[in-house]
Ligand code: HEM
């Protein structure tokens, strides 16, 4: 008897998708798979067209508090509570509840708003690279750049006061670092919730002109969010916008340095960075296995997803679908194709994608300019790959725990 498919599927090289995805797309695009960590059976969706069709299907739910919602790992009750606010703020809501909160925040993430942050993001990246260069000719780009840029950008975005930034960043690090113990994560999520609570209370009294301040003013007219939901929204932005960008900086650097000539080409033509970043996102998405469950029966691709069934979307596989992307297995810095699903699709499509692209663009533009001879200090095979579960237990995340480089 053949072994049932397990998700995540084992990989031969951690930085390449499992070969099984190609077979699944061709032969069994919506397959039964088991989540061994929680011993649950789900449907695994691997083809680009099915991923898009189902992620826009209102019969699938994002309600992660429903017992039918597939989790990548059993979440301890305490941590679950820590993220209840964040889930209920937006990402765990279905239609029609999702519409009003999304409308409240969408204006904060337009290209115009993100462009206002550009000079500050540039400063953040430059400061980090100054520190790296001052330290000699080798560095761990994971701790010294990849984790720092999003942490500092989020502090800026949320209007964290200068004298609290160190505390905020320290707690965030503990919360998101894969090596942190469960107890340390509980403590950090508690500390950050209390911190956000204070931050929101302060801004309710004196809003100021930053994202949360403007949100509070708007909320006085619309009354969409309760106080607790505002705190939840701040937590969601922190969690959603940190780990993802850190991992993408690391995985993007690896993709760029693995591809012969790509780093040098970007140096010669820095404007290529916009297309290159898009290709990094397609080629090596940080999130695989986006979960949902069916509220009603759904007939698709010759199978019936029954009400109550869990569904996992392989964004990695959809991004390598040859029906959509020619030579999908190739990293082509000139491709610039935005049809990848690394930011999800449908109503929950990443709210922060303009910000994420901008952080990545500024990081890589600056990296090639300021450290022109950058290279990996170890073989790709020896990089400490980590496959973890996102802090809220919802997604499997690809990344590294260190990124030794030299120049
Ligand atoms: C490369 C970086 C990023 C990646 C790969 C990424 C990926 C994703 C994905 C796949 C989703 C969909 C989740 C779902 O359908 O359940 C999502 C949603 C979301 N992302 Fe991102 N994200 C990134 C950066 C950011 C940033 C910088 C922010 C904001 C600071 C952000 C805020 C959000 C929010 C608020 C949602 C929920 C939207 C909703 O439910 O309507 N993300 N992201």
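Can you give me the relative contact order of the chain as a percent, contacts being Cα pairs under 8 Å and 6 or more apart?
About 26 percent, as a whole number.
Helix-derived [θ] at 222 nm for the chain: sum -39500 (n - 2.57) over DSSP H runs of at least 4, divide by residue count, nearest 500?
Value at 222 nm, helices only: -14500 deg cm²/dmol.
Points 7 angstrom from Cα along the Cβ direction at residue 226 and residue 111: gap in nanometres?
Inter-label distance under the simple model: 3.9 nm.
With label points built 7 Å along Cα→Cβ from the Cα atoms of residue 187 and residue 40, find their separation and express it in nm.
Placing both labels 7 Å along Cα→Cβ, they lie 3.0 nm apart.
Fewest to most neighbouring Cβ within 10 Å: what's the order for 176, 315?
Ascending Cβ contact count within 10 Å gives the list 176, 315.
Please give the length that would be gained between residue 297 and residue 257 if that part of the chain were fully extended, namely 0.36 nm times their separation in residues minus their C-alpha to C-alpha distance (nm, one decimal).
Numbers: separation 40, 0.36 × 40 = 14.40 nm, distance 4.55 nm.
Gain on extension, residue 297 to residue 257, equals 9.8 nm.
Can you give me the Kirkwood hydrodynamic radius for region 146-271, using every pair of distinct Cα atoms, in Å to one decimal? Could the numbers behind the result be given before it?
On the way: mean 1/r = 0.0612 Å⁻¹.
Taking the inverse mean of 1/r over all distinct Cα pairs, region 146-271 comes out at 16.3 Å.
Test of understanding: express the Cα radius of gyration of the chain as a ratio to 2.2 N^0.38 Å, with N the residue count.
Cα-based Rg divided by the globular estimate yields 0.96.
Using alpha carbons only, how many angstrom separate the centre of region 149-227 from the centre of region 274-335?
31 Å
Taking a label point 7 Å from the Cα of residue 274 along the Cα→Cβ vector, which residues of region 329-345 have an amide N closer than 20 Å to it?
Of the residues in region 329-345, 332-343 have backbone N under 20 Å from the label point off residue 274.
For region 143-214, report the % of Cα-Cα distances exceeding 21 Å.
Across region 143-214, Cα pairs with separations above 21 Å total 28 percent.
Return the tail of the calculated pair distribution for region 277-377, meaning the percent of Cα-Cα pairs more than 21 Å apart.
Details: 2467 of 5050 pairs.
Here the long-distance tail beyond 21 Å is 49 percent of all Cα pairs in region 277-377.
Only the coordinates and a few stated rules stand behind these numbers; no lab work does. All values derive from a computational prediction rather than experimental measurement. FYI the Cβ positions are ideal-geometry reconstructions off the backbone, even for glycines, and counts take in every protein chain you see.
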